[in-house]
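Here, each number is a calculation from the coordinates, and none is a lab measurement. Owing to the predicted nature of the structure, the values given are computational and were not obtained by experimental measurement. FYI the Cβ positions are ideal-geometry reconstructions off the backbone, even for glycines, and counts take in every protein chain you see.
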Amino acid sequence: MSAGALASSRALWNRRGLDLRSDEVLAQILDRGEMAAWRELYALAREDAELRRRIARIAVRVPLPLPHFWLAALKSLGEAVDVGARTPAYMDGLDA
C-alpha cells in the first residue's frame with residue numbers, strides 16, 4: 001500500500017513501516033498522526049468500507065484525542081455511526 005504522508009508519519013516511530021491491516025498501527029495513526037496522514041487515511045477510507053468499520057470500532061474502544069472527529073468523518077462518508085457515542089477518556093481524570 002503506497003501512502004506518502006501515512007508511511008512517513010511520526011505516529012509510526014516504533015514501527016518498521018505502515019501496515020494498515022494492523023488495528024494497533026491504525027490506532028497509533030488515529031492517536032498521533034499528523035493532519036496530512038489523517039487526510040490520506042480519510043481518502044483511503046472513502047474507498048474502503050472495511051477500513052471505515054475498523055476506524056469506527058477503534059474510535060469507540062480505544063482512548064483517542066479526537067474520537068468524535070473520526071466518527072463525524074466516517075458519517076460524512078456514509079458510515080452508520082453514532083457521532084454522540086460514549087468513548088473512552090483519552091487521559092486519566094478527563095471525561096469523554
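Within the chain, the percentage of alpha carbon pairs spaced more than 15 angstrom apart rounds to 57%.
Between A36 and S22, full extension at 0.36 nm per residue minus the direct alpha carbon distance yields a gain of 3.1 nm. For segment 11-96, the list of GluC sites (Glu not before Pro) that fall in a loop by DSSP and count at most 16 other C-beta atoms within 10 angstrom reads E34, E79. Suppose R0 equals 35 Å; then what is the FRET efficiency for S8 and V83 from their Cβ-Cβ distance, rounded to the nearest 0.05? Step by step, r from the Cβ atoms, then E = 0.70. In this label model, M91 and E47 are separated by 3.8 nm, measuring between points 7 Å along each Cα→Cβ vector.
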